[in-house]
Amino acid sequence: MRVLLIGFGPVGRAFAGLIEERRAMLRARYGLDLELAAIASSSAAWLRDPRAGSPGADALRGAASPAELVGRIEPWNGADALDSVDADVLVEATSGGGDSGEPAAGHVRAALSRRMHVVAASKGAFVWHYRELRDLARRSNVELRIGAATGAALPTIDTARYGLAGAEIERIEGILNGTSNYILTRMREGGTYADALRDAQGRGVAEADPRTDVEGTDTATKLVLLANALFDAGLTLADVPTTGITQLAPDDLARAVERGERIRLLGTLEGGTGAWRARVEPVPLGADHPLARVDGLEKGITYQTDTMARVTVIGGRSDPNGAAGALLRDIVNLASG
Ligand SMILES: NC(=O)c1ccc[n+]([C@@H]2O[C@H](COP(=O)([O-])OP(=O)(O)OC[C@H]3O[C@@H](n4cnc5c(N)ncnc54)[C@H](OP(=O)(O)O)[C@@H]3O)[C@@H](O)[C@H]2O)c1
């Protein structure tokens, strides 16, 4: 299985290093021969040149650009690479695509049209065009997997599709953003929102511009992706009333603790077939709620089902290595059928 990787930021680099170092293990354990064929950023592409040997996992993790790797180098972006590289699967790891889903949507459309499987970490394309891209994948008889975009190392979609197969999912609740959960945890331990944010930024947990995380947009985005991927709900971000954590005061968290509760930024999806509704807001959870104990950078998701009752998954690494692991998980699972 030849892989074309588009996007060589922290996630792309971690993924490239991971599959390069796991080649023997993947062959032995899954009979999967996974070869990184090419990597494209916005202005440079690397193509494997057997005569140059492998760049090696450390070089792939450490390079600032594909142009620094040993192999053939071309001045290509993602679209150019899709036109020129023969591959079986596209790994889409470009930046956000928040306003329109581009350039990821164009990459995914081109790959699916060429009958390549797609495994994505970027979210924008699927917020805007999920139904169209899913239908295109079906017509092309290939797989589209977005688990790395929908909680990454926390297996959200896979838990629902495989672990809860045959059950009716009645409600989903999720702590889907590690950064805001970290800030809430720090505030509970004492300190204002501003103190906790500064601490998170100092540790590289929050970005310089943290709005997507702390205003709830990232959580709302993941809820929309889940609703559309699992239930074909046809939701958009405009359908999700969203309140973040920026207005919370230390007193709010302290009072919740006195009541034996924990305040969490919760994404909720409920309503059932044809009537799915989503919302994001800080919610006090009682000690008996499984997500009340999700602290720090951890995430968690609870499914309320009819036949299997309440099922919760907690944890998973919230960083580029976790996202790379999720991309690999999706490839292994699609290759295994
Ligand atoms: N960090 C996480 O833990 C995590 C978890 C799950 C999902 N994600 C998602 O994974 C994606 C990648 O994350 P990241 O932190 O690695 O992103 P990033 O630092 O923004 O890197 C994005 C990469 O995309 C490239 N790119 C932009 N436009 C392109 C184009 N037209 N053709 C080819 N390449 C293009 C950029 O190239 P240049 O450098 O040349 O501009 C860069 O290499 C994001 O969508 C993110 O939301 C991240």
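Nothing in this text is a laboratory measurement; each read-out follows from the coordinates by a stated rule. These numbers were taken from a predicted model, which means no experiment stands behind them. So basically every Cβ, Gly included, is an ideal-geometry build from the backbone, and we count neighbours across all protein chains shown.
Principal-axis analysis of the Cα atoms of the chain puts helix 178-188 at an angle of about 30° to the longest axis.
Over all orientations, the chain has a Cα convex hull whose mean projected area works out to 17.0 square nanometres. Per residue of the chain, the DSSP helices (runs of n ≥ 4 H) give a summed -39500 (n - 2.57) that works out to -11000 deg cm²/dmol at 222 nm. In a DSSP loop and with at most 14 other Cβ atoms within 10 Å, the GluC sites (Glu not before Pro) in the range 91-187 are Glu168. Taking 0.36 nm per residue of separation and subtracting the current Cα-Cα distance, fully stretching the chain between Ser43 and Asp195 would add 50.9 nm. Backbone geometry of the range 235-252 corresponds, through the Karplus equation with coefficients 6.51, -1.76 and 1.60 at θ = phi - 60°, to 3J(HN,Hα) couplings of 7, 10, 4, 5, 7, 10, x, 10, 10, x, 10, 5, 8, 6, 9, x, 4, 4 Hz, x marking Gly and Pro. Mind grabbing the base-10 log of I(q)/I(0) for the range 15-168 at q = 0.11, 0.12, 0.14, 0.15 Å⁻¹? Debye formula, identical points on the C-alpha positions, no solvent, two decimal places. Those come out to -0.47, -0.56, -0.76, -0.88, one per q. Listed from fewest to most Cβ neighbours within 10 Å, the set Val127, Val311, Val118 follows the order Val311, Val127, Val118.
Based on C-alpha pairs under 8 angstrom that are at least 6 apart in sequence, the range 55-138 has a relative contact order of 26 percent.
Here the label points at Leu237 and Arg115, each 7 Å from Cα along the C-beta direction, are separated by 3.6 nm in the simple model. In this simple spin-label model, placing a label point 7 Å from the Cα along the Cα-to-Cβ direction at both Thr307 and Ala208 gives a separation of 5.2 nm. Spin-label model, Asp33/Ala254: points 7 Å from Cα along the beta carbon direction are separated by 6.5 nm. Using C-alpha pairs below 8 Å separated by at least 6 residues, the relative contact order for the range 1-107 is 36 percent.
Computed about its Cα centre, the charge dipole of the range 193-264 is approximately 160 debye, with only Lys, Arg, Asp and Glu carrying charge at their Cβ. Averaging the sequence gap over all C-alpha pairs within less than 8 Å and six or more residues apart, then dividing by the number of residues, gives the chain a relative contact order of 18 percent.
Remark: Trp128, Trp46, Trp76 ranked as Trp128, Trp76, Trp46, counting other beta-carbon atoms within 10 Å and listing the fewest first. Computed from Cα atoms, the angle from the helix 124-140 axis to the main principal axis of the chain rounds to 50 degrees. Stretching the chain fully between Ala59 and Arg293 yields a gain of 80.4 nm (0.36 nm per residue, less the alpha carbon separation). For the chain, the longest principal axis of the C-alpha atoms and the axis of helix 193-202 are separated by about 20°.
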